[in-house]
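Trainee: Okay, here's the structure, questions in a sec.
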Amino acid sequence: MYVCLCKGITSSQIQQTIDAGADSLRDLRETLGVSTQCGKCARTALDLLRQAGSDQ
Ligand code: FES
């Protein structure tokens, strides 16, 4: 499922990045480009981070 349409990033790509050590929206932004355009994906990206046991 696409989380970030602007950058074409899927939830599994985000999950893999979290598994690889990303623990903040900033990390995801820097690594994948998530939430660098319209920002609509930020909430979902944060939810994925929370599910992984991280905050922010
Ligand atoms: Fe991610 Fe627009 S959907 S920046």
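The values are calculated or read from the model by the stated rules, or taken from the named source; none is laboratory data. From a predicted model like this one, the values you see are computed outputs, not experimental measurements. Because the Cβ atoms are built from the backbone with ideal geometry, glycine has one as well, and the counts that use them run over all protein chains shown. SASA here: full protein model, heavy atoms, side chains in, ligands and nucleic acids out. Shrake-Rupley method; radii C 1.70, N 1.55, O 1.52, S 1.80 Å.
Trainee: Would you grab the residues whose amide H sits under 5 Å from the one on Val3? Only those 5+ places off in sequence or on another chain, please, with H modelled 1.01 Å from N.
Mentor: Ile9, Thr10, Ser11
Trainee: Give the accessible surface of the chain per residue, rounded to a whole number of Å², with probe radius 1.4 Å and ligands, DNA and RNA excluded. Present the calculation step by step, with values, prior to reporting the outcome.
Mentor: Numbers: 3590 Å² over 56 residues.
That works out to 64 Å² per residue.
Trainee: Taking the simple approach of a point 7 Å from Cα along Cα-to-Cβ for both Ser24 and Arg43, what is their distance in nm?
Mentor: The modelled label-to-label distance comes out at 2.3 nm.
Trainee: Could I get the Rg over Rh figure for the chain? Both from C-alpha atoms, Rh via Kirkwood, rounded to two places.
Mentor: Details: Rg = 9.5 Å, Rh = 10.6 Å.
Ratio value, two decimals: 0.90.
Trainee: Follow-up. Out of the total accessible area of the chain (probe 1.4 Å, heavy atoms of protein only), what percent is carbon and sulfur?
Mentor: About 43 percent, which is the carbon plus sulfur part of the accessible surface.
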